[in-house]
Every structure is written in C-alpha cells, then in structure tokens.
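Notes to accompany the following structure.
The values are calculated or read from the model by the stated rules, or taken from the named source; none is laboratory data. Owing to the predicted nature of the structure, the values given are computational and were not obtained by experimental measurement. With ideal geometry, Cβ positions are generated from the backbone for all residues, glycine too; neighbour counts draw on all protein chains shown. Accessible surface areas use protein heavy atoms only, side chains included; no ligands, DNA or RNA. Shrake-Rupley method; radii C 1.70, N 1.55, O 1.52, S 1.80 Å.
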Amino acid sequence: MAVWDEYFSDWDFIVSLFPEGWQEKFHELKVLKFGRKFTGENKESDLLRLIFLHLAGGLSLR
C-alpha cells in the first residue's frame with residue numbers, strides 16, 4: 001500500500017467519527033460560501049481537511 005493511500009484511509013476514518021448529518025449542517029450554516037473553490041461531491045470534506053491542515057500547522061486561515 002502506498003503512503004498516499006494510507007493518508008486517504010486515515011482521513012476516511014476521521015470523517016467517520018463526525019456526527020451523522022455533519023455535511024447537511026455545512027449547508028444549513030452556509031459554511032461553503034467561504035470555500036467557493038470547493039466543488040464536487042466531497043466539497044464539505046475537502047474544506048474541512050484544509051481547515052484542519054492549517055490549524056495543525058499553525059497557519060493563517062486568511
């Protein structure tokens with residue numbers, strides 16, 4: 001198994017820990033209006049991954 005495959009399987013595990021309906025909550029709270037460049041069926045997950053990466057690295061979200 002490639003290292004990249006492990007990365008995605010780890011992310012899938014993290015997403016599985018979120019409460020049911022978390023993606024619908026993104027739409028209800030209009031979170032994706034700030035992430036306009038995120039498209040596709042995994043746009044909520046992609047935006048959340050980016051936020052986590054920035055927070056873990058101590059980077060700005062600006």
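Looking only at the stretch 30-62, residues that are in a helix (DSSP H, G or I) and not hydroxyl-bearing (S, T, Y) come to 17 in all.
In the stretch 18-45, the qualifying residues are those that are among the acidic types (D, E) and open to solvent by 60 Å² or more (accessible area, probe 1.4 Å), and the one that is farthest from L61 (Cα to Cα) is E20.
Contact map, the stretch 10-29: residues that are farther than 12 Å from E44 by Cβ and part of a helix (DSSP H, G or I) paired with residues that are at pLDDT below 90 and of a type outside the set (A, V, I, L, M, F, W, C), Cβ distance under 7 Å, separation 6+ or inter-chain. Pairs shown: W11/R49.
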